[in-house]
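> Take this structure first; my questions come after.
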Amino acid sequence: MMAREVGDAIGVLMNAQPGSVSVHLNVTSCQAVIASCFDFSGRRNKIVYSDMNFPSIMYFWEGQRSRGARVHMVHTDDGVHVPTERLIEAIDEETLLVPISHVVFRSSFIKDVKAIVEKAHRVGAHVVLDCFQSLGNVPVDVQALNVDFAVGGVLKWLCGGPGTSYLYVRPDLAPKLEPKLTGWFAHEDPFAFEIGANQYGEPPFRFMQGTSNVPGFYTAMPGLKIIREAGVERIREKSKKMTARLIELADQRGWRVNAPRDPEQRGGTIAIDMPNAKEVCQELLKRDVLVDFRPRAGVRFSPHFYNTMEEIERAIATVDEILSRMGVAAMP
Ligand SMILES: Cc1ncc(COP(=O)(O)O)c(C=O)c1O
């Protein structure tokens, strides 16, 4: 039953109804559960998404081509965002699913989810919202957004560990779905050990398969409690100030910032493409400045509620020091 407890603790943070969030090992397997609810043999077999999706999501859907899925990828021009109109235009009567990121991992761009859901629903398609880069930092309200599915993991903004991901399914849609990636946890009476086809039970277990990653649940729970106590609205307000300061410091040095300038359009991560970004990232890690590097984006700084403005200044001063050691002039 702990799976339900963790699902509900995640659900509260995205205004999901109790019992509507199941837990899984990772976001990729959540896509697989969703895919297994649908049939790609009919006319409605088009999957629309953008090249700003997290690669694992693309790899998964590309892999479904051999099962009849038609993947339509919409491209970015600037590496920061894909125009909403372009995505909306691609969603048509043959579209089955629209798997999109709420906040783009490479640029922090926040998608206009409502507009995408509105178009998808108008033509009978379903939206799968990946909240990995938003939940816990940017407010998410699955009911207000009216998404059909929402997925993500707890190891980033939710301060958890690996091995716990979540799958929200719209409560009025859930009873109509019968995932083919299924197992005894999804049975209406698993401990009856009945023989034959699965008799599907209620959500959230309806979307699960077999034995859960219980150690992962223990790593997830404390972070969820802390985020709830801190409050996502307050986290967001502080985050906007910290990301603004990071952009200001990068601008002063003439470094390229791969994020929207408008604070309302960007999430909590700022990718800065300074000279020798990959090597700079390695040096920052050696000095306990915990960042990471993404090709075509640069060094990603993700300050959270526990960080201070002083730490932001210190992180950038450390980059200055690393670059000057490398013989690269820090100031333009
Ligand atoms: C937007 C997004 N989706 C998914 C993932 C991870 O997927 P998985 O849980 O399958 O490893 C990440 C990882 O950082 C991500 O940023």
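The values are calculated or read from the model by the stated rules, or taken from the named source; none is laboratory data. This is a predicted model, so every value here is computed, not measured. Cβ placement follows ideal geometry from the backbone for every residue including glycine, while neighbour counts extend to all protein chains displayed.
> In the range 183-205, how many residues are assigned to a loop (DSSP other than H, G, I, E, B) and exposed (fewer than 11 other Cβ atoms within 10 Å of the Cβ)?
Of the range 183-205, the ones assigned to a loop (DSSP other than H, G, I, E, B) are 183, 188-189, 193-199, 201-204.
From the residues that got through so far, the ones that are exposed (fewer than 11 other Cβ atoms within 10 Å of the Cβ) too are 189, 193, 195-197.
Residues meeting the conditions: 5.
> When only residues in the range 86-105 that are surrounded by fewer than 21 Cβ atoms within 10 Å (Cβ to Cβ) and assigned to a helix (DSSP H, G or I) count, which is farthest from the ligand (Cβ to nearest atom)?
It comes out as Glu89.
> Determine the pairs where a residue that is farther than 17 Å from Val98 by Cα and free of Cβ contacts under 8 Å to residues at least 12 places away in the same chain, located within the range 139-164, has a partner that is within 16 Å of the ligand (Cβ to nearest atom) and not in a strand (DSSP E or B) with Cβ atoms under 9 Å apart, the partner being 6 or more residues away or on another chain.
Leu155/Phe132; Leu155/Gly161; Leu155/Pro162; Leu155/Gly163; Leu155/Thr164; Leu155/Thr219; Leu155/Ala220; Leu155/Gly223
> Cβ-Cβ distance below 6 Å, separation of 6 or more or different chains: which pairs start in the range 15-36 with a residue that is assigned to a strand (DSSP E or B) and end on one that is of a type outside the set (Gly, Ala, Ser) and near the ligand (Cβ under 9 Å from one of its atoms)?
His24/Cys30
> List pairs: first residue in the range 280-297 and over 20 Å from Ser324 (Cα atoms), second residue surrounded by fewer than 20 Cβ atoms within 10 Å (Cβ to Cβ) and of a type outside the set (Asp, Glu) anywhere in the structure, Cβ distance under 8 angstrom, at least six positions apart or on different chains.
Filtered contacts from the range 280-297: Arg296/Gly79; Ala297/Gly79.
Table: residues versus (1) farther than 30 Å from Lys176 by Cα; (2) of a type outside the set (A, V, I, L, M, F, W, C); (3) surrounded by fewer than 15 Cβ atoms within 10 Å (Cβ to Cβ).
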residue: Phe207; (1), (2), (3): no, no, no
residue: Thr211; (1), (2), (3): no, yes, yes
residue: Pro222; (1), (2), (3): yes, yes, yes
residue: Ile247; (1), (2), (3): yes, no, no
residue: Ala250; (1), (2), (3): yes, no, no
residue: Gly254; (1), (2), (3): yes, yes, yes
residue: Ile272; (1), (2), (3): yes, no, no
residue: Leu285; (1), (2), (3): yes, no, yes
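> To continue, here is another question. Exactly one of these conditions fails for Arg65: (1) surrounded by fewer than 16 Cβ atoms within 10 Å (Cβ to Cβ); (2) farther than 15 Å from Thr28 by Cα; (3) within 16 Å of the ligand (Cβ to nearest atom). Give me its number.
Condition (3) is where Arg65 drops out.
> Being within 16 Å of the ligand (Cβ to nearest atom) and either within 15 Å of the chain's Cα centre (by Cα) or not in a helix (DSSP H, G or I) (or both): is that true of His81 here? Steps first, please.
Values: within 16 Å of the ligand (Cβ to nearest atom): yes; either within 15 Å of the chain's Cα centre (by Cα) or not in a helix (DSSP H, G or I) (or both): yes.
Judged against the criteria, His81 is a match.
> Looking at the range 210-244, which of its residues are of a type in the set (S, T, N, Q) and without any contact (Cβ under 8 Å) to a residue 40 or more places away in the chain? Full working, then the answer.
Taking the range 210-244 first, the residues of a type in the set (S, T, N, Q) are 211-213, 219, 239, 243.
Within the range 210-244, just Thr211 meets the criteria.
> Tell me yes or no: at least one residue of the range 39-61 is farther than 25 Å from Asn258 by Cβ, hydroxyl-bearing (Ser, Thr, Tyr), at pLDDT 95 or above and not in a loop (DSSP other than H, G, I, E, B).
no
> May I ask you to say which residue of Gly231, Gly268, Gly298, Gly223 is at pLDDT below 95 and of a type outside the set (D, E, K, R)?
Details: Gly231 fails: at pLDDT below 95; Gly268 fails: at pLDDT below 95; Gly223 fails: at pLDDT below 95.
Unique residue meeting the criteria: Gly298.
> Continuing with this model, one more query. Of all residues being of a type in the set (D, E, K, R) and farther than 16 Å from Ile270 by Cβ in the range 303-329, which is surrounded by the most Cβ atoms within 10 Å (Cβ to Cβ)? Just the residue, please. If you could, list the steps in order and put the result at the bottom.
Going through the range 303-329, the residues of a type in the set (D, E, K, R) turn out to be 310-311, 313-314, 320-321, 325.
Within this subset, residues satisfying the condition of being farther than 16 Å from Ile270 by Cβ are 310, 320-321, 325.
Numbers: Glu310: 8, Asp320: 16, Glu321: 13, Arg325: 9.
Out of the qualifying residues, it is Asp320.
> Right, Ile110: within 16 Å of the ligand (Cβ to nearest atom) and closer than 20 Å to Val169 by Cα or not?
Numbers: within 16 Å of the ligand (Cβ to nearest atom): yes; closer than 20 Å to Val169 by Cα: no.
So Ile110 does not fit the description; no.
> Please specify each residue of the range 3-26 satisfying the condition of being within 16 Å of the ligand (Cβ to nearest atom) and within 19 Å of Glu178 (Cα to Cα).
Here is the first cut: in the range 3-26, the ones within 16 Å of the ligand (Cβ to nearest atom) are 6-7, 10, 14, 21-26.
Of everything in the range 3-26, those that are within 16 Å of the ligand (Cβ to nearest atom) and within 19 Å of Glu178 (Cα to Cα) turn out to be Val21, Ser22, Val23, His24.
> A further question follows. Please return the ranges of strands (runs of 3 or more DSSP E) entirely within the range 118-171 where 1 or more residues are of a type in the set (D, E, K, R) and near the ligand (Cβ under 10 Å from one of its atoms).
Numbers: elements: 126-130, 149-153, 165-169.
Result: 126-130.
> Find all pairs meeting these conditions: Cβ atoms under 9 angstrom apart; at least six residues apart or on different chains; first residue within the range 109-122 and on the phi < 0 side of the Ramachandran plot; second residue charged (D, E, K, R).
Going by the 9 Å Cβ cut-off, the qualifying pairs are Phe109/Arg266; Ile110/Glu264; Ile110/Arg266; Ala115/Glu85; Val117/Asp148; Lys119/Glu89; Ala120/Asp148; His121/Asp148.
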